[in-house]
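Report on one structure; see the data block that follows.
Values in this text are rule-based calculations from the coordinates and carry no lab data. Because the structure is predicted, anything quoted here is derived from the model rather than measured. Please note: Cβ atoms are built from the backbone with ideal geometry, for glycine as well, and neighbour counts cover all protein chains shown.
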Amino acid sequence: MTAATVDSRPRVAPGFRLQWEPAQECHVLLYPEGMVKLNRSAGEILSRCDGERKVGEIVSELEQAFRAIDLQDDVLAFLAIAQQQRWVELQ
Amino acid sequence: MSARPGPPLWLLAEVTYRCPLHCAFCYNPVDFAKYEDELPTADWLRILREARELGAVQCGFSGGEPLLRDDLEQLVEEAHRLGYYTNLLTSGVGLTEARAAALKRAGLDHVQLSFQDSSREVNDFLSHTRTFDLKRKVARIIKDQGWPMVMNCVIHRLNIDHVGRIIEMADEIGAEYLELANTQYYSWAFENREHLLPTRAQLREAEAITDRWRERLAGRMRLFFVAPDYHEAAPKRCVNGWGSTLLTVAPDGVALPCHTARMLPGLAFPDLRKTSVADAWLHSDGFQRYRGTSWMKEPCSSCEHREQDLGGCRCQAFLLAGDAAAADPVCPKSPRHAVVEAAVQRAERGEPAVRPLVFRDPKASRAASGARLQVPRPQ
């Protein structure tokens, strides 16, 4: 499995469906007969994994949206987990 | 139980009890033939909408064989549009290329294909049909549509020794998920228990084989192995907690907390032709009765594990202890635990079955509706 870099374009893997659930007040990731409830940061990252944006762009967007700095390592660490879980693929 | 229950995250739409297969371990009610009056399309569409409004996210179309409903594509399309992850749980019979393409267009997310065994003989014997070759063909059709390939094989005494070969076959077909779910003993499987319950040694061996394959197939296939309650030292939460997660709608529109709960006497389960999904889920006696822990008797009510196992399975309690509010007799603390131990010991000794294997079909079901199968038989 190739590790994500700032130039990778991650997307939610086929067979998974990401959506905001008002009843649960969080993003959820749906897959065959299952569901993962995502915490806020996971939801914010995954909802930007559209196969178009590069990781670098996702990082700057998040830094702007949440007035944070140095999020790159956190985003890459999360993507490594997400890849391992097969939630995302790299384009 | 005062707190408002969470959403019914899982909607199981049992759209029909009709089925071309006659599996000896089917979990449909033994008296399914009584419920012939299936919900019309318009009611199903309303139920899908109302359950989604309550927060349901997973929708399983099941049965019987859901492909026997001509309006399945229409139901899937609406479920998809409403934002459900849509699952079709099928024997594969009736899944032609044309139908698969139409379901894909309708937005079907996933198909779970059931197999009975890795061998044609046992598959066809257990399902009482000639469907083995067909299932392999259907597996190809599923792959061609780009759906995740999820296979399910119900495991029991008659096929548990083939578990390695079953896994190998699933891998050949390209399965990404394989559920090896041991039969639990309700409904038809309860009737056929003396034929189906494996020995402890068989179970341990199958688990060890599955573990080896899990390592070998890591990254390619996910393997799930579910042991039968009878061989577990502790009871399991019934459907993750009665009325907590799962909402089953039976073919005739009756809402149930689990697909076998219909057997429990003295509970008025709501009819969704007359009641809204929200009313059924939030307020009906059928859903409230065994929510949480306040309904419990001893030994459950003072047990340190009561929040974890929630007293186990209500149907098992009814079938084995004659009381749906009793502790699940698979629990060693249950005063009726000896019933479970006796069934296991019988399996261990390999005693020949007294009664012939009963295959699920309308005739056997009508015969069963009479009396015999409805009466719990504490031994």
Proximal charge balance of A:Met35 [Cβ under 10 Å; K/R count +1, D/E count -1]: 0
Centroid-to-centroid separation of the stretch B:1-78 and the stretch A:35-91 [C-alpha atoms, Å]: 36 Å
For the protein assembly as shown, share of DSSP beta bridges that run antiparallel, in % to the nearest 5: 35 percent
Unsatisfied cross-links (Cα-Cα over 28 Å) in the set B:Lys34/B:Lys333; B:Lys104/B:Lys135; B:Lys143/B:Lys363; B:Lys137/B:Lys236; A:Lys54/B:Lys143: B:Lys34/B:Lys333; B:Lys143/B:Lys363; B:Lys137/B:Lys236; A:Lys54/B:Lys143
Ranked A:Thr2, B:Thr293, criterion: other C-beta atoms within 10 Å, fewest first: A:Thr2, B:Thr293
Neighbour-count ranking [beta-carbon atoms within 10 angstrom, fewest first] of B:Trp295, A:Trp87: B:Trp295, A:Trp87
For chain A, with +1 on Lys and Arg beta carbons and -1 on Asp and Glu, the positive-most of A:Gly56, A:Ile45, A:Gln19 along the dipole: A:Gln19
Footprinting exposure proxy for B:Lys135, A:Lys37 (fewest neighbouring C-beta atoms within 10 Å first): A:Lys37, B:Lys135
